[in-house]
Every structure is written in C-alpha cells, then in structure tokens.
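K.L.:
Dropping the structure in here first, questions after.
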Amino acid sequence: MTPSTEANPATSGETPRRLLIVSHCVLNQNAVVQPLARSAGVMRSAAEWALDAGYEIFQLPCPEFRFAGPHRAGASFDDYNTTAFHSSNARLLDSVIRHLLRYREAGYEIVGGLHVQGSPACDPDTGNWVTDLLDAAAAAGIEIRQLWQLPQTATGEFRSGDSQVSFGDPATRRCYPDDATSLTPAQAERRAALAATRIIGPTLPVNRTGARHA
C-alpha cells in the first residue's frame with residue numbers, strides 16, 4: 001500500500017498541532033563538549049516547559065557533533081565559521097528542511113525554535129548553525145517568528161516566564177558576534193546591513209550574550 005501524501009485531515013477546522021524546533025543538546029547533553037554538559041541527558045526543565053505548553057518537538061541534529069565528533073575540543077564562533085563547517089551544515093539542513101515542509105503540509109504550525117545561549121553554533125543571536133538554519137528555512141518559505149534559549153547558567157534551568165529564556169524575534173539577530181574576526185566580505189556586508197536596519201524596541205524581549213567556547 002502506498003502511503004498517503006495528503007495533509008492530515010484531523011487538523012482540518014481544528015487548532016493546528018504546534019511544532020517547536022529544538023537544538024539537539026537540549027534533549028541530549030551527551031552531544032556537547034563533555035566538560036560543559038549540564039545533565040546526564042535531557043535538560044528536563046526545558047523539555048517539560050515545551051510539553052506543558054502543548055508543543056510537539058522536532059529535534060535538530062547536532063552540527064558540531066556531526067562535524068567534529070564526540071571528543072572535539074571547545075571552539076568559538078570563528079573556529080566554526082569555515083567553508084567546511086557551513087558545507088556540513090548545508091548537508092544536514094537539506095533533510096531538516098524537507099522534514100519541516102512535510103510537517104507544515106500536514107497542518108502543523110511551526111511556533112519557533114529553542115536554542116542554546118552562548119553556544120558558538122546554537123546561540124539564538126549569533127550561532128553559525130542557527131543562522132544557516134534560519135536562512136534555509138526562509139529560502140524554503142518557512143516562517144520562524146520566535147526564539148527561546150536555554151540560559152547560559154551553571155545549571156541551564158529553563159524557568160517558564162523568566163525573560164532570560166525568551167530571546168525574541170529572529171529579525172533582531174546580529175548573526176555574527178561583535179568581536180568576530182573570521183567574517184567573509186559577504187558576512188561583513190550583511191552585518192553592516194543588519195546593524196543599519198535593526199528593529200528598535202521589538203515587541204518580544206531580546207536577550208543576548210557573548211558566545212562561550214563550546
């Protein structure tokens with residue numbers, strides 16, 4: 001029997017199922033640089049917040065694990081701002097975007113992304129992987145309007161209602177750290193354009209940080 005390719009009729013006339021895009025290590029701390037792991041596995045407070053909010057979870061692959069493996073050293077934005085890393089991201093994102101499009105076709109609402117404050121790849125403000133993800137999503141016509149973040153604290157506890165866990169509108173992202181030294185001419189031009197057009201006083205709160213080496 002050939003599987004149906006039609007949208008799920010159960011969503012017709014009903015509130016759509018809500019899908020949250022989640023950075024890999026929020027649900028699997030085994031993928032991070034091990035001295036920086038903040039649990040034996042799942043960051044429980046973030047996972048429980050998502051489930052309590054009624055979100056269904058789409059776990060992203062870990063770009064750093066895919067690129068450098070489980071025994072990699074800590075790294076910075078500049079360490080990962082390479083053609084090789086972005087090419088690896090593009091290969092991962094081909095499948096990610098195909099999956100997200102399938103979910104959208106089936107009637108799911110993509111509510112936003114939950115990422116990791118301070119991570120060189122997954123920081124919601126300046127992470128290399130998050131920038132590549134949002135660019136790929138925009139190119140595919142997938143709208144992502146809100147970002148949350150696992151806070152850069154010793155425990156990483158995610159407290160619902162705490163402004164520290166809500167990054168805000170992706171349109172306010174810097175994309176690149178202010179002290180980045182590895183920007184290509186195209187990236188430098190983009191940073192200048194973003195600085196010139198950045199939204200002032202967004203409706204959603206924006207929380208930024210300096211990137212940690214992770």
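The values are calculated or read from the model by the stated rules, or taken from the named source; none is laboratory data. On a predicted model such as this, the values are computed, not experimentally measured, just so you know. Positions of Cβ are backbone-derived with ideal geometry, glycine not excepted, and every protein chain shown enters the neighbour counts. For the accessible areas, the whole protein counts, side chains as well, though only heavy atoms, and no ligand, DNA or RNA atoms are used. Shrake-Rupley method; radii C 1.70, N 1.55, O 1.52, S 1.80 Å.
K.L.:
If I model a spin label at N30 and A138 as a point 7 Å from the Cα along the Cα→Cβ vector, what separation in nanometres do I get?
P.N.:
Between N30 and A138, the simple spin-label model gives 3.6 nm.
K.L.:
For Q59 paired with H99, estimate the spin-label separation in nm (one decimal), with each label point 7 Å from Cα along the Cα-to-Cβ line.
P.N.:
0.9 nm
K.L.:
Taking the convex hull of the alpha carbon atoms in segment 57-170, what volume per residue do you get, in Å³? Please report the intermediate quantities before stating the final value.
P.N.:
Details: hull volume 12.8 nm³, N = 114.
In segment 57-170, the Cα convex hull volume per residue is 112 Å³.
K.L.:
Starting from the Cα-Cα distance between T181 and A196, subtract it from 0.36 nm times their residue separation and give me the gain in nm to one decimal.
P.N.:
3.4 nm
K.L.:
Contact order normalised by length for the chain, with contacts defined as Cα pairs under 8 Å and 6 or more residues apart; what percent is it?
P.N.:
For the chain, the relative contact order is 24 percent.
K.L.:
Per residue, how much space in cubic angstrom lies within the convex hull of the C-alpha atoms of the chain?
P.N.:
Working: hull volume 31.0 nm³, N = 214.
Residue-normalised Cα hull volume stands at 145 Å³.
K.L.:
Also, quick follow-up: Tell me, what % of the accessible area of the chain is carbon and sulfur with a 1.4 angstrom probe? Can you show the working numbers first?
P.N.:
On the way: 5610 of 10680 Å².
Carbon and sulfur: 53 percent of the exposed surface of the chain.
K.L.:
Stretched out fully, how many nm does the piece from T153 to R38 gain, at 0.36 nm a residue minus the Cα gap?
P.N.:
40.5 nm is the gain from fully extending T153 to R38.
K.L.:
With a 1.4 Å probe and every protein chain left in place, work out the accessible area per residue of the chain in Å², rounded to a whole number.
P.N.:
50 Å²
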